[in-house]
Amino acid sequence: MLLAFSVAPSGVPSEGSRPHDASVHDAVAAAVKIVRESGLPNQTDSMFTTIEGEWDEVFDVVKRATEAVGRYGSRVSLVIKADIRPGYRGELTAKVDRLENALAQEP
């Protein structure tokens, strides 16, 4: 499974963040740290973090990342998109490789 997610705090922080700072980078950093420490293949861009693994292990990481972000606000927004394709591994990069090959083939 590939799972892309975005998590961000809102509301008044209970701890760990500057109350008048609209930036969420500290909270996002806490989430991404959990993802990277999970050992699952992952990739972070400006909008989402994508992880690859089995259902239970991926959702465990998302849960822990969401809980970490929760310390930075009284609410948490979580957006998830998943590509569930049993029997496939390495799709985090393979999908992009296939796209790049297709683009290189165009006249």
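The values are calculated or read from the model by the stated rules, or taken from the named source; none is laboratory data. These figures come from a predicted structure and were not determined experimentally. For neighbour counting, all protein chains shown are included, and Cβ atoms are generated from backbone atoms with ideal geometry for every residue, glycine included. Calculation scope for accessible area: heavy atoms of the full protein, side chains included, ligands and nucleic acids excluded. Shrake-Rupley method; radii C 1.70, N 1.55, O 1.52, S 1.80 Å.
One table, with the values for the structure above:
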| read-out | value |
| --- | --- |
| Principal axis dimensions, the chain - Cα atoms, whole angstrom, descending | 52, 34, 20 |
| Those residues of the stretch 60-88 whose amide nitrogen sits under 20 Å from the label point placed on SER6, 7 Å along Cα→Cβ | 62-84 |
| Global geometry of the stretch 66-107, whether rounded, prolate or oblate, following the gyration tensor of its Cα atoms and the 1.5 cut on a/c | prolate |
| Share of carbon and sulfur in the accessible heavy-atom surface of the chain [1.4 Å probe, %] | 53 |
| Choice from GLU52, GLU67, GLU37 showing the highest fluctuation, given a GNM over the chain with Cα pairs closer than 10 Å | GLU37 |
| Distribution of pairwise C-alpha distances over the stretch 34-82, 10 Å bins, in % | 23, 59, 17, 0 |
| Rounded accessible area per residue of the chain, 1.4 Å, Å² | 67 |
| Value at 222 nm in deg cm²/dmol, rounded to 500, when DSSP H runs of n ≥ 4 in the chain each add -39,500 (n - 2.57) | -13500 deg cm²/dmol |
| Virtual spin-label span in nm between ALA102 and LYS33, 7 Å along Cα→Cβ | 3.9 |
